[in-house]
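Contents: one structure, followed by commentary.
We did not get these values from a lab; they are worked out from the coordinates using the rules stated. What you see is a predicted model, and the numbers here were worked out from it, not measured in a lab. Here the Cβ positions follow ideal geometry from the backbone for every residue, glycine too, while neighbour counts run over all protein chains shown.
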Amino acid sequence: MKNVELIARILEAAGVRWVFGVPSGPVLPLIEALRHSAIDYVLCASETSAGFMATAVGQLTGKPGVAVSTLGPGATNLATGVGCAWLDCAPVLAITCNVPTPWLERRIQMRIDHHQLFQPLTKATLPLRVDRVAVPLAQAIALACSEVPGPVHVDLPEDVSLAQATEAPQLTQRRHSLADISTGAVAAVHAALQRSQRPLVVTGLSFTRSRAAQQLLGFIERQNMPFASTLHAKGFLPERHTNWVGVLERARRSDMRGFIRQADLVLAFGYDPIEVNYEEWIGDLPVIHVGTQRADVSAQVRMLFNEGGDMDEAITKISALPPVPNQWLRSDWDAHRSLLDKALRPVCRGLGPHHVLEIVRENLPRDGILVYDIGAHTHQVATQWRTDLPWTCLSTNGWSSMGYGIPAAYATKLVYPERRIVAVVGDGCFQMTVGELAVGKRLGLAVPTIVLNDGWLGLIKVKQERKNYGYSGVFLGEPADPPAHYFGVPCRAAKNEQELRSAIDWGFSLKSPSVIEAFIDVEPYSQTVYD
Ligand SMILES: Cc1ncc(C[n+]2csc(CCOP(=O)(O)OP(=O)(O)O)c2C)c(N)n1
Ligand SMILES: [Mg+2]
């Protein structure tokens, strides 16, 4: 058995189903070994997308998403995808295939130091060597999956790939137990609730890894408290619940901040400031932060408790606290939600982003999954979209890289072939990743991609407006009528609600991918995104 075969066995044993990437000579031995394994090698249009696909698989399955690249430019492309796993906390294994070991330090075509490249983007970066493959690989997998999950990089020189394996396959289960923070957390919450008249619960990225959502919801209901989340935590508590009051720091943030000013205490569970710093919205409210990591905050934030450890244990114990009466009225939350819903839907010419989202929502079942990209539309989706189920509304908010939407939607379809998946992307994001449509076509992934064709880098246009700058470098051009297909992926235009409804019906009726270009008015974003 060669080392690449050993690697394939170890990946199989770790539950890996796909390896995403773009090949080159040094990658070929690994691809050949995968060809004889239960793992599919998925050719992507760029390594960056391979990293996004691995991120989505890692988040959705809890098993390592794997992306493989060649050296130098393959590795630098991959780095952008790996950054997503790093700041959005996804278990990912990034493998770079390199020149043979004796050449590793030489100044030769395409070669750079991969360990230096990946060091700031990963939990660890490990070299594989002729007699040291199984141990570091097993360590890498265990480390990627342990709390806080994230990417681990391994570098695989070509001679190591081809050498006979000298080790047995192994999987080390490194389960480092999380600190018990429950005693302090329970005491802090108990004391704070006695003094509070209007407590507010918020959840965030780390809560997506919690198994105590039911306990937290029970606590929220018994204590008669409203709750909000960040973008990533959408759906991990049900957004159609009467106590739900919105999403922090996305569209209509001023309405959210207005509501938050009515509160006198924030109980944060699984909030990760990587999505948005507390300082942005907290004002002088006291905070109890219960997460898997201590929050990185400045001295100006009034932290009553700030600990990282076994969040679920803490939530479970906190949820057993007896109810403490407070002054919240359900009508406070109803009034706020009505205000928010109205403000998200400004008058506009023709089709607005909010119309598109409404129509998509109507056509996506409860367990359907929306995967969306980065731009003004991210803000609109995050605040307007409602979902009651975990992992049904995916984007990137830590890394926030354009180009996530299409590859992540395709990866999601690989994980959930039976569910309805739709990608919603801006036209700028579409231009960055249009080549990935060919991946969907090749794999026959029935995912409609809805392009919000507004002709602008909408988010940056709004930023220029807010700074009183002139528009420059943000106009993509008047959207042209779309072609009949991109790389064989059929495409339709939708210029009004009726055309959009029929295009969505058409998209979901196909057994392969499609593109729907929705021609939307960009102006509503000026009233929703940063207001
Ligand atoms: C890789 C990368 N480059 C640049 C940015 C900065 N950026 C954020 S949103 C955006 C514009 C996105 O435009 P589009 O896809 O048309 O979406 P819209 O804002 O119009 O909804 C840009 C340039 C980024 N987040 N990621
Ligand atoms: Mg745009």
*asked:* Any residue at all in the stretch 299-309 that's aromatic (Phe, Trp, Tyr) and under 25 Å from the mean Cα position of the chain (by Cα)?
replied: no
*In the stretch 361-382, what count of residues is obtained for those that are among the β-branched types (Val, Ile, Thr) and within 16 Å of ligand 2 (Cβ to nearest atom)?*
3
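Going through the stretch 383-431 one residue at a time, which ones are within 16 Å of ligand 2 (Cβ to nearest atom) and either farther than 21 Å from residue 151 by Cβ or aromatic (Phe, Trp, Tyr) (or both)?
Passing the criteria: 404, 423, 424, 425, 426, 427, 428, 429, 430, 431.
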*Go through the residues of the stretch 435-445 one by one and say whether even a single one is within 16 Å of ligand 2 (Cβ to nearest atom) and buried (at least 24 other Cβ atoms within 10 Å of the Cβ).*
no
*asked:* For residue 270, only one of the following conditions fails: (1) small (Gly, Ala, Ser); (2) within 24 Å of residue 145 (Cβ to Cβ); (3) surrounded by fewer than 22 Cβ atoms within 10 Å (Cβ to Cβ). What is its number?
replied: (3)
*Candidate set from the stretch 113-136 (those that are in a helix (DSSP H, G or I) and of a type in the set (S, T, N, Q)); member that is surrounded by the fewest Cβ atoms within 10 Å (Cβ to Cβ)*: 116
_Positions within the stretch 359-382 being surrounded by fewer than 24 Cβ atoms within 10 Å (Cβ to Cβ), in contact (Cβ under 8 Å) with a residue 12 or more places away in the chain and either farther than 16 Å from residue 239 by Cβ or of a type in the set (D, E, K, R) (or both), in sequence order_ = 359, 361, 363, 366, 367, 374
*Could you please give the count of residues in the stretch 460-473 that are within 16 Å of ligand 2 (Cβ to nearest atom) and surrounded by fewer than 21 Cβ atoms within 10 Å (Cβ to Cβ)?*
7
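Does residue 396 satisfy the criteria of being in a loop (DSSP other than H, G, I, E, B) and buried (at least 22 other Cβ atoms within 10 Å of the Cβ)?
Yes.
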*Pick out, from the stretch 405-514, the helices (runs of 4 or more DSSP H) lying fully within it that include 1 or more residues that are within 27 Å of the chain's Cα centre (by Cα) and away from ligand 1 (no atom under 16 Å from the Cβ).*
405-415, 437-443, 497-509
_Enumeration of residues in the stretch 472-496 that are touching a helix residue (DSSP H, G or I) at 6+ places or on another chain (Cβ under 6 Å) and either among the basic types (Lys, Arg) or over 27 Å from residue 439 (Cα atoms) (or both)_ = 474, 492
